[in-house]
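Nothing in this text is a laboratory measurement; each read-out follows from the coordinates by a stated rule. Note that this is a predicted model, so its numbers are computed, not measured. Methodologically, a virtual Cβ is constructed for each residue, glycine included, from the backbone with ideal geometry; neighbour enumeration extends over all protein chains shown.
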Amino acid sequence: MFNEGTRGRGDWVRAAVLPGTGLLGIATSRKIGSKPRRNRAKRRVKEAARLNGKLPQWDLVLVVSQDAVDVPFPALRGDVERAVAEAIAKWAEKSAYS
């Protein structure tokens, strides 16, 4: 995924995408804090990704920053959409030259 895919970056989330079947992976760091806090960050990012309609044709890995837990959900959702859109745009640009 990280070798062949393309990446996008938001303020609180980094995204790596590759054309696929809609798989979603979410990675968190222990810097976020306790296990319940990391799980909450994953649940919030997963819901933000689910609400993004572009994902069924992409395999996606989202890496969550430690600040994502305290961000209001609408801002987090916009950040996920921005990071994914940037990564998809880079893939389209990369594919156009291939």
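Computed extension gain for LEU24 through LYS94, at 0.36 nm per residue and net of the alpha carbon distance, reaches 23.0 nm. Per-residue Cβ neighbour counts within 10 Å put VAL69, VAL84 in the sequence VAL69, VAL84, beginning with the fewest. Computed about its Cα centre, the charge dipole of segment 6-97 is approximately 460 debye, with only Lys, Arg, Asp and Glu carrying charge at their Cβ.
With 10 angstrom as the radius, rank GLU81, GLU93 by how many other C-beta atoms surround their C-beta, starting from the fewest.
Fewest to most other Cβ atoms nearby, the residues stand as GLU93, GLU81.
Mean residue ellipticity, 222 nm, helices only, the chain: the sum of -39500 (n - 2.57) across DSSP H runs of n ≥ 4, divided by residue count and rounded to 500, is -14500 deg cm²/dmol. In plain terms, the residue of LEU62, LEU51 with the fewest other Cβ atoms within 10 Å comes first and the most crowded comes last, giving LEU51, LEU62. What percent antiparallel are the DSSP beta bridges of the chain, to the nearest 5? So the antiparallel bridges in the chain amount to around 70 percent.
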